[in-house]
C-alpha cells in the first residue's frame with residue numbers, strides 16, 4: 001500500500017511516512033493509492049469480531065505489513081483498553097429503525113478518542129522504533145485538543161501544542177485541555193476562531209524548513225491515520241445492527257464540521273461496506289450543507305453555536321472527498337483548490353453535484369431546533385443527547401426515509417456541553433472524571449491569532465527537543 005497526494009506532487013510513500021508527513025508537502029492531503037476492496041464473504045467473516053479484532057483487520061489493509069502483526073495488535077489493544085466499555089463504541093436502539101453509535105466512552109468523553117488514542121500510541125511506537133523526535137501541533141474546535149493531549153501526554157520523545165479559539169469552546173472542553181500540568185503540553189488560546197487556528201497550522205506545515213527544524217507532526221484529521229481509525233466504527237455499527245435487523249444497507253447521520261468523521265464513512269462505503277446515504281449534519285456554520293444542496297463551496301459568516309465542535313467554516317478534509325469526486329484527478333483537484341484560495345469559493349458541475357447527492361444528504365440544524373431535539377428525546381426515550389448528536393438526530397428526521405434504517409453518530413457525552421443542556425431545563429450528573437476538573441488550576445497562554453505569534457510560542461516550547469541550534 002502506497003500513499004499519494006490529492007495534488008499529485010508527492011511520490012508514493014508508505015504508511016509510516018504518511019503518518020509522519022501529515023499534511024502533504026505539496027499542500028494537499030494524503031490518500032491511499034488504491035482503496036482496498038472487501039468482499040461480501042470477507043465482510044461476513046468479520047461480522048462477529050470484537051472491536052479490537054475488527055480494527056486490526058481493517059487497519060492491516062492500510063499498514064500493509066509495515067508494522068509486524070503482533071506489534072500492530074498490541075498497539076490496537078493498548079489504544080482501546082482505555083475505554084470504559086468492552087464494546088468500545090456500543091450501538092443503542094432509540095426507536096424503530098433508529099440507533100445511536102456511542103463514540104464517547106474514551107478517556108475524554110468524545111469521539112476523537114477513538115482515533116487519537118490510536119494515533120498517540122502510533123506516534124509513540126514510531127518514536128521508539130526510529131529514535132525520531134516528535135513535536136505535535138494541532139488546532140481544535142473543542143474535542144480534538146483534549147483527546148490529542150490525553151493520547152500523547154507522558155509518552156517519551158513527544159511534545160504537543162494545541163491551539164483553541166479563546167472563549168469559543170465549552171467550559172468542560174477548555175478544562176480538559178488546560179488543567180493538564182505537564183511540561184510537554186502547551187495550550188494556546190487564540191483570539192480568533194477555529195478556522196484561524198486551522199489556517200495557521202496549515203501555513204506552518206507548508207513551511208517545510210520550519211517543519212523539519214522542529215520535527216512538527218500533525219494530530220488533526222489532515223493526518224490519514226485519524227481517518228483510518230474512524231473508519232472502523234462504521235463497520236462495527238453495521239455489523240451490530242445487522243445482527244438485529246435484516247438490512248441491505250445502512251444510513252448514517254454524522255454531526256461534522258471538518259468533514260473527517262463523515263469522510264471515514266465514505267471511505268468505508270468505498271471499501272465495500274453496504275452504506276446507503278451519508279447524512280451531513282451541521283449547524284448554522286453550514287458550508288457543507290450548502291455545497292451538498294447547491295454545489296457551491298463558500299464560507300459564510302461565522303456563528304458561535306450550542307454545538308461548538310462544529311463551528312467551522314472551512315472543512316480541512318473536504319479536499320479528500322473532492323479528489324474522489326473529480327475521479328482521482330490531482331490536476332483538477334489542484335485547480336479547484338487554487339480557485340478556492342484566490343476567489344474564496346468553488347463550484348462543481350451539475351453532473352458532479354448529482355454524484356455528490358447520490359452519496360450525501362445534508363441539513364443545517366439551527367440552535368432552537370437543536371435544543372428542542374434534546375428536550376424531545378429526553379422526554380420520549382429518557383436518553384440525553386449532547387447538542388452535536390442532537391443535530392445529527394434532527395438531520396436524520398429530515399433526511400432519512402421512514403423505512404430506512406439509520407445510525408446517528410453520538411460524538412460526545414452530554415456532560416461536555418452542560419451550557420446547552422441547562423437551557424433545556426435538564427439537570428445532569430457529571431461523571432466523576434469531569435466533575436474533578438472544576439477544582440484544578442489551568443495552564444494556558446492567550447495569544448493573537450497570527451502566524452508570527454504562534455511560531456514564537458512553538459520555538460520556545462519545542463526548542464529543547466530540536467536538534468538544530470537556534
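Taking every DSSP beta bridge with both residues inside the range 74-189, roughly what % is antiparallel (nearest 5)?
Numbers: 4 of 15 bridges.
Looking only at bridges with both residues in the range 74-189, the antiparallel portion is about 25 percent.
Project the alpha carbons of the range 1-145 onto their principal axes and report the range along each, largest first, in whole Å.
So the extents along the principal axes, rounded to whole Å, are 48, 38, 31.
Distance from the Cα centre of the range 386-457 to that of the range 264-331, in angstrom?
The distance from the Cα centre of the range 386-457 to that of the range 264-331 comes to 19 Å.
Assuming R0 = 60 Å, can you tell me the calculated FRET efficiency for the pair residue 448 and residue 12, based on Cβ-Cβ distance, to the nearest 0.05?
Details: r = 40 Å, r/R0 = 0.66.
It comes to 0.90.
May I have the extent of the alpha carbons of the range 336-470 along their three principal axes, as whole Å values ordered from largest to smallest?
64, 52, 25
Pairs of alpha-carbon atoms within less than 8 angstrom and 6+ residues apart define the contacts here; what relative contact order does the range 365-455 have, in percent?
25 percent
In Å, what is the Rg of the alpha-carbon atoms in the range 100-176, and how long is Dmax?
13.0, 42
In what sequence, highest mean first, do 425-431, 354-360 appear when ranked by Cβ atoms within 10 angstrom?
Those peptides, ordered most packed to least, come out 354-360, 425-431.
Test of understanding: ordering 389, 408 by Cβ neighbours within 10 Å, fewest first, what list do you get?
On the way: 389 33, 408 28.
Ranked by crowding around the Cβ, least crowded first: 408, 389.
For q values of 0.07, 0.14 Å⁻¹, compute log₁₀ I(q)/I(0) with the Debye formula on a Cα-only model of the chain, without solvent.
Reported log10 I(q)/I(0), two decimals: -0.32, -1.51.
Among 159-170, 38-49, 195-206, 73-84, what's the highest-first ranking by average C-beta atoms within 10 angstrom per residue? Mind dumping the intermediate values first?
Values: 159-170: 23.2, 38-49: 12.8, 195-206: 19.7, 73-84: 17.6.
Ranking, from highest mean packing down: 159-170, 195-206, 73-84, 38-49.
In nm, to one decimal, how far is the modelled label at residue 33 from the one at residue 95, with both set 7 Å along Cα→Cβ?
4.8 nm
In angstroms, what radius of gyration and Dmax does the range 232-361 have, counting Cα atoms only?
Expressed in Å, the Cα Rg and Dmax of the range 232-361 come to 15.4, 51.
Grab the DSSP H runs of the chain that are 4 residues or longer, score each as -39,500 (n - 2.57), total them, divide by all residues and round the 222 nm result to the nearest 500 deg cm²/dmol.
Dividing the helical sum by the residues of the chain leaves -14000 deg cm²/dmol.
In which sequence would 130, 144, 231, 381 go, from the one with the fewest C-beta neighbours within 10 Å to the one with the most?
In order of increasing Cβ crowding within 10 Å: 130, 381, 231, 144.
In whole Å, how far is the Cα centre of the range 188-226 from that of the range 16-30?
Going from one Cα centre to the other spans 12 Å.
The range 164-270: D in µm²/s via Stokes-Einstein (Kirkwood Rh, Cα pairs, 4 °C, 1.567 mPa s)?
On the way: Rh = 16.9 Å.
For the chosen part, D equals 77 µm²/s.
Between residue 128 and residue 70, with labels modelled 7 Å along Cα→Cβ, what's the label distance in nm to one decimal, could you check?
About 1.4 nm, to one decimal.
To the nearest µm²/s, what D does Stokes-Einstein give for the range 223-270 at 4 °C and 1.567 mPa s, using the Kirkwood radius over alpha carbon pairs as Rh?
Details: Rh = 11.4 Å.
Translational D for this selection: 114 µm²/s.
Normalising by the residue count of the chain, find the relative contact order in percent from Cα pairs under 8 Å and 6+ residues apart.
Numbers: 908 pairs, mean separation 90.6, N = 470.
Normalised by residue count, the contact order of the chain is 19 percent.
By counting other Cβ atoms within 10 Å of each Cβ, how are 307, 316, 342 ranked from fewest to most?
So the ranking, lowest neighbour count to highest, is 342, 316, 307.
We did not get these values from a lab; they are worked out from the coordinates using the rules stated. This structure is a prediction, so every number in the text was calculated from the model and none was measured. Glycine gets a Cβ as well: all are built from the backbone with ideal geometry, and neighbour counts include every protein chain shown.
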